[in-house]
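**Student:** Have a look at this one before I ask anything.
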Amino acid sequence: MPELPEVETVRRGLLPHLEGQRIARAEVRRPDLRWPLPVDLVQVLTGAMVTALRRRSKYLLADLDRGGTLLMHLGMSGRMLVQDASLGDFHRDPAILPRHDHVVLTTEAGSTITFNDARRFGMVDLIREGSAHPLLDHLGPEPFDGAFTPAYLAAAFAGRRVPVKQALLDQRIVAGLGNIYVSEALHRAGIDPRRAAGRIGAARIAALVGHIRDVLTDAIAAGGSSLRDHRQASGELGYFQHSFRVYDREGAPCPMPGCSGSIRRIVQGGRSSFFCPACQR
């Protein structure tokens with residue numbers, strides 16, 4: 001499932017082709033993805049201008065000049081494909097089959113943006129003007145928001161017995177984090193993913209906030225992680241996975257300077273956790 005860096009990478013790739021552009025044509029080629037698509041999706045999008053392209057947690061949001069917002073989630077295999085004369089000839093990866101092109105937007109400037117999703121775990125919906133959306137209502141602050149401070153995180157962790165790894169995956173506490181980058185941030189911070197969230201001191205929480213931001217910044221700069229199905233909007237593979245310190249490195253030596261331990265894999269809440277039991281406490 002794409003996490004914050006992957007979605008932010010896609011957003012940045014789409015910006016020059018979608019933000020400030022008017023949609024000349026909208027095509028919907030099936031009635032549903034993970035959930036049914038709005039029956040008036042084509043009507044709402046055709047002729048609308050995208051005034052802003054935003055990200056909230058792991059969702060893409062395209063604000064429309066006629067009111068309302070297009071809400072999108074990539075799911076497990078969703079990808080946004082861009083065809084534009086400014087990019088040169090469009091060479092489609094033969095593994096990305098056209099039969100999985102479910103929503104296609106063509107702008108007046110000539111760009112074509114295609115939502116392709118082989119497994120159909122992605123979603124496309126409309127947020128009506130003046131309305132909220134249940135998928136966004138419960139979300140906590142973004143990791144880069146000013147509200148995500150050490151004091152905030154300490155208060156959110158206070159008294160909680162749940163392991164810190166699972167606490168950080170709770171989107172009500174902090175939005176956008178997922179399995180990969182929580183594992184990486186906890187390793188940088190030297191915190192065992194099994195440690196109870198409420199038993200982490202203030203100084204370590206302050207350091208953790210910084211490491212969360214650092215690992216996300218590094219991943220965005222590298223274009224996200226191309227595990228399995230993720231692609232950038234340009235079609236390129238991300239490469240942050242080559243910088244993983246612990247994720248998917250079971251049995252490898254710990255890369256922390258001075259540590260002689262090796263990476264261990266355990267299962268927490270049905271998900272793999274990777275950490276070094278020698279230097280993460």
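**Student:** Find out how many positive minus negative residues lie around ARG265, taking Lys and Arg as positive, Asp and Glu as negative, among other residues whose Cβ is under 13 Å from that of ARG265. Kindly include the intermediate steps, with their values, before the conclusion.
**Tutor:** Working: positive: LYS165, ARG194, ARG249, ARG264, ARG271; negative: ASP248, GLU250.
Counting the neighbours of ARG265, the net charge comes to +3.
**Student:** Just name one of ALA48, VAL124, ALA158: the one whose Cα is farthest towards the positive end of the charge dipole of the chain (beta-carbon charges, Lys/Arg +1, Asp/Glu -1).
**Tutor:** Result: ALA158, furthest along the dipole toward the positive end.
**Student:** Still on this model: Between region 88-162 and region 242-281, what is the separation of their alpha carbon centroids in Å?
**Tutor:** Here the answer is 29 Å between Cα centres.
**Student:** Per residue Cα convex hull volume for the chain, in cubic angstrom?
**Tutor:** Each residue corresponds to 135 Å³ of Cα convex hull volume.
**Student:** Still on this model: Once label points are set 7 Å from the Cα along Cα→Cβ at both ARG161 and ARG271, what is their separation, rounded to one decimal in nm?
**Tutor:** About 2.2 nm, to one decimal.
**Student:** Tell me, what ³J(HN,Hα) does each residue in region 30-46 have, in order and in whole Hz, if you take phi through Karplus 6.51 cos²θ - 1.76 cosθ + 1.60 with θ = phi - 60° and put x for Gly and Pro?
**Tutor:** In residue order, the calculated couplings are 7, x, 8, 10, 5, 10, x, 7, x, 5, 9, 4, 4, 4, 5, 7, 5 Hz.
**Student:** Tilt of helix 202-221 relative to the longest C-alpha principal axis of the chain, in degrees (0 to 90, nearest 10)?
**Tutor:** Taking the Cα atoms of the chain, the angle to 202-221 is about 40 degrees.
**Student:** Let me ask you something else. At 1.4 Å probe size, put GLU129, GLU6 in order of accessible surface, largest to smallest.
**Tutor:** Ranking GLU129, GLU6 by accessible area, largest first, yields GLU129, GLU6.
**Student:** I'd like the accessible area for LYS58, computed on protein heavy atoms only with a 1.4 Å probe and all protein chains in place. Round to 10 Å², please.
**Tutor:** 40 Å²
**Student:** With a point put 7 Å past each Cα toward its Cβ, work out how far SER243 is from CYS279 in nm, to one decimal.
**Tutor:** Taking the two extended label points, one gets 1.7 nm.
**Student:** Between THR149 and ASP93, what is the label-point separation in nm under the 7 Å Cα-to-beta-carbon projection?
**Tutor:** 4.2 nm
**Student:** May I ask for the net charge around ALA175, where only other residues with Cβ less than 13 Å from the Cβ of ALA175 are counted and Lys, Arg are +1 while Asp, Glu are -1?
**Tutor:** Net charge in that neighbourhood comes out at -1.
**Student:** Quick one: which residues, 5 or more positions from ARG56 or on another chain, have an amide H under 5 Å from its amide H? H modelled 1.01 Å from N in the peptide plane, none for Pro or chain starts.
**Tutor:** It is LEU61, by chain and number.
The values are calculated or read from the model by the stated rules, or taken from the named source; none is laboratory data. The structure displayed is predicted, hence computed values, not measured ones. Cβ sites come from the backbone with ideal geometry, for glycine too, and all protein chains shown count toward neighbours. Areas reflect the complete protein model, heavy atoms only, side chains present, ligands, DNA and RNA absent. Shrake-Rupley method; radii C 1.70, N 1.55, O 1.52, S 1.80 Å.
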